[in-house]
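Scroll down for the structure; my scribbles are underneath it.
Read the figures in this text as sums done on the coordinates, not as results from a lab. On a predicted model such as this, the values are computed, not experimentally measured, just so you know. Counting neighbours? That spans all protein chains shown, and the Cβs are built from the backbone with ideal geometry, glycine included.
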Amino acid sequence: MALIEVGNQAPAFSRPNQDGAAVSLDDFAGKYVLLWWYPKADTPG
C-alpha cells in the first residue's frame, strides 16, 4: 500500500474502538479528523 501524502484524503476504513464498536471514517463525514497511532506499539524493540 502506498503512503498517504500530506493533504490527500485518507482511504475508507473501519476499525474497532476501545470498546470494541466499529468506527469508520464515514462516521466523521464533513468533520476534521486527526488520525494518530503508534506503529511500534505492542511490538518488540
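A search for C-beta distances below 7 Å between a residue of the range 20-34 that is surrounded by 10 or more Cβ atoms within 10 Å (Cβ to Cβ) and any residue that is of a type in the set (D, E, K, R), counting only pairs 6+ apart in sequence or on different chains, returns Val23/Arg15.
A count restricted to the range 16-35 and to residues that are touching a Lys or Arg at 6+ places or on another chain (Cβ under 9 Å) and in a loop (DSSP other than H, G, I, E, B) stands at 0.
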